[in-house]
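Engineer: Quick one: the structure is below, and I'll ask about it shortly.
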Amino acid sequence: MPVHLRSYCHDDHHHPRDVLVVVDVQYDFLPGGNLAVAGGDEIVPLINTLAKKFTNVVLTRDWHPANHISFASNHPGKAPFQTIELPYGTQVLWPDHCVWMSHGAQISADLDIPRAQLIIRKGCNPQIDSYSGFREADRETADGPGRLSQQSATPAGFT
Ligand SMILES: [Zn+2]
């Protein structure tokens, strides 16, 4: 999703246990991709610089089955960016993006993060969209890093 590519740093003095979360730097969200974020490629060098300041770096990766509920193509008569109502609330429909094993789902090769320790795949459940990387859109189902942060007592997250 477009909001995924925000990345900032409010403090230059990171605790060794701080975790930088690099969200969805995948070809479908970069210029030329199915759900491109304008200028998304311009922050890649920034991410690379920032990542070198962190001991712990986690990547997230949007990773959808082709029958994912957030794809307009799975709702007859609907177009991308229209909305539907689902049990967990309003869902924006997207163009197909980040489909398992597709080129668009690949993490950009321009990303240079030697210390990335973990890649979290999200949006794997065909019935629930996932925006945060921490919680699915129903706000109930813990997504990958949500489960992680419950277990590892991370003092700060930077996304
Ligand atoms: Zn998605």
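Engineer: May I ask you to say which residue of SER70, SER130 is in contact with a Gly (Cβ under 7 Å, 6 or more places away or on another chain), within 14 Å of the ligand (Cβ to nearest atom) and among the hydroxyl-bearing types (Ser, Thr, Tyr)?
Structural biologist: SER130
Engineer: Report the residue count in segment 23-62 for those that are of a type in the set (A, V, I, L, M) and in a loop (DSSP other than H, G, I, E, B).
Structural biologist: Of the residues in segment 23-62, 6 are of a type in the set (A, V, I, L, M) and in a loop (DSSP other than H, G, I, E, B).
Engineer: Moving on to the next point. I'd like the full set of residues that are assigned to a strand (DSSP E or B) and either open to solvent by 20 Å² or more (accessible area, probe 1.4 Å) or free of Cβ contacts under 8 Å to residues at least 40 places away in the same chain (or both), limited to segment 104-133.
Structural biologist: ILE107, ALA116, GLN117, LEU118, ILE119, ARG121
Engineer: Also: Keeping to segment 80-103, report how many residues are under 22 Å from ASP24 (Cα atoms) and in a loop (DSSP other than H, G, I, E, B).
Structural biologist: Residues that pass the stated criteria total 10.
Engineer: Output the residues belonging to segment 1-45 that are surrounded by fewer than 17 Cβ atoms within 10 Å (Cβ to Cβ), away from the ligand (no atom under 16 Å from the Cβ) and modelled with pLDDT under 55.
Structural biologist: Across segment 1-45, the qualifying residues are TYR8, CYS9, HIS10, ASP11.
Engineer: What pairs come up if the first residue lies in segment 25-48 and is touching a residue at least 12 places away in the same chain (Cβ under 8 Å) and more than 17 Å from LYS122 (Cβ to Cβ), the second is surrounded by fewer than 20 Cβ atoms within 10 Å (Cβ to Cβ) and of a type in the set (Lys, Arg), and their beta carbons are under 9 Å apart, counting only those six or more places apart or on different chains?
Structural biologist: Partner pairs satisfying both residue conditions: ILE43/ARG6.
Engineer: Filter segment 94-127 down to the residues that are more than 24 Å from VAL19 (Cβ to Cβ) and more than 11 Å from the ligand (Cβ to nearest atom) and list them by number.
Structural biologist: Those that are more than 24 Å from VAL19 (Cβ to Cβ) and more than 11 Å from the ligand (Cβ to nearest atom): TRP100, MET101, SER102, HIS103, PRO126, GLN127.
Engineer: Let me ask another. Under the condition of being of a type in the set (Phe, Trp, Tyr) and open to solvent by 40 Å² or more (accessible area, probe 1.4 Å), which residue from segment 68-94 is farthest from ASN34 (Cα to Cα)?
Structural biologist: Top of the filtered list is TYR88.
The values are calculated or read from the model by the stated rules, or taken from the named source; none is laboratory data. Being a predicted model, the structure only gives us computed values, none of them experimental. All Cβ positions, even for glycine, are placed from backbone atoms using ideal geometry, and neighbour counts span all protein chains on display. Keep in mind that these areas ignore ligands, DNA and RNA; they rest on the heavy atoms of the full protein, side chains included. Shrake-Rupley method; radii C 1.70, N 1.55, O 1.52, S 1.80 Å.
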